[in-house]
Amino acid sequence: MDILTLLGLLIGFGAIIGGNILEGGHTSSLLQLTAFLIVIGGTVGAVLIQTPVPIFMRSLTMSLWVLMPPKLDHKTSVEKIINWSNIARKEGLLGLEVLVEAEKDSFAKKGLQLLVDGSEPDVIRNILEVELGVKEHFDTQAAKVFDGLGGYSPTIGIIGAVMGLIHVMNNLADPSKLGAGIAVAFVATIYGVGLANLIFLPMGNKLKAIVHNQTQFREMVIEGIISIAEGENPRNIETKLEGYLP
């Protein structure tokens, strides 16, 4: 569980709601179903238009990372690679064959299999870097879905505000309807700007940071596997990979 995400949400929304209360406002005045439907519906609709289905579905899966980011244990992975290196040095690359099926990480498993198959270091690097680049691009595009949500929601909020004002202008002769129309107008703007800056844009940035960390982690795996393929000394490999430790 990412404590900073929960803390950020509590502080952000708490500051806004608390400030409203200190100014003498009522929390119920910020609850407008019509404004919520306009902003959420319009924003999601706009993003659906611009986003391919696989990327949108991936973004839904990745959204869970904001609260429960995938764990990357760099130190354990370095120790595992050094162990592979020692085995390869003593028993040869075929000695790693028994470890292939036991490897849980699919990316490392592919690299390990390429090692066992006796592939050249350049071939291994090319194969793994292609997979890494494609995965990084796909996940980054999925993270940018939240940038799109954050970009559209303030504008949709303004549309909701204009709609509310139109409603007000159409009912100038009936003062009893003016308050509801004005409330929808201003609350729609709050929803649009608030969702963009407290939820959507921060989510997008956090997901892109996680994708970047995953890429660096896999680059470390690539360097370790290539070093084993080139027959480097395990101690030198360890020294090299320690540069990737956070």
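The values are calculated or read from the model by the stated rules, or taken from the named source; none is laboratory data. Predicted, not measured: the structure shown is a model, and the values here were computed from it. In this analysis, Cβ positions are derived from the backbone assuming ideal geometry, glycine residues included, and neighbour counts consider all displayed protein chains.
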Notebook entry, point to check: List, please: which pairs have Cβ atoms under 7 Å, are six or more places apart or on different chains, and start with a residue in the range 49-73 that is surrounded by fewer than 15 Cβ atoms within 10 Å (Cβ to Cβ) and end with one that is aliphatic (A, V, I, L, M)?
Noted result: LEU67/MET1; MET68/MET1
Margin query: I need the full set of residues from the range 75-97 which are touching a residue at least 40 places away in the same chain (Cβ under 8 Å) and among the β-branched types (Val, Ile, Thr), in order please.
Written below: VAL78, ILE81, ILE82
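Report whether or not GLU219 is outside the structural domain of LEU10 (by TED's automatic domain parsing), outside any helix (DSSP H, G or I) and within 30 Å of ASN83 (Cβ to Cβ).
Numbers: outside the structural domain of LEU10 (by TED's automatic domain parsing): yes; outside any helix (DSSP H, G or I): no; within 30 Å of ASN83 (Cβ to Cβ): yes.
No: the conditions fail for GLU219.
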Margin query: Quick check on the range 76-83. Is at least one of its residues farther than 14 Å from SER227 by Cβ, out of contact with any helix residue (DSSP H, G or I) (no Cβ under 8 Å at 6 or more places or on another chain) and among the polar types (S, T, N, Q)?
Written below: yes
Item checked: ALA143 being closer than 21 Å to GLU129 by Cβ and in contact with a Gly (Cβ under 6 Å, 6 or more places away or on another chain) -> yes
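With among the acidic types (Asp, Glu) and farther than 28 Å from LEU114 by Cβ as the only criterion, which of GLU97, GLU79, GLU23, GLU91 stands out?
Numbers: GLU97 fails: farther than 28 Å from LEU114 by Cβ; GLU79 fails: farther than 28 Å from LEU114 by Cβ; GLU91 fails: farther than 28 Å from LEU114 by Cβ.
Answer to the selection: GLU23.
Scan the range 19-28 for residues that are surrounded by 12 or more Cβ atoms within 10 Å (Cβ to Cβ) and either in a helix (DSSP H, G or I) or among the basic types (Lys, Arg) (or both) and jot them down.
Here is the first cut: in the range 19-28, the residues surrounded by 12 or more Cβ atoms within 10 Å (Cβ to Cβ) are 20, 25.
ASN20 - this is the single residue of the range 19-28 that is surrounded by 12 or more Cβ atoms within 10 Å (Cβ to Cβ) and either in a helix (DSSP H, G or I) or among the basic types (Lys, Arg) (or both).
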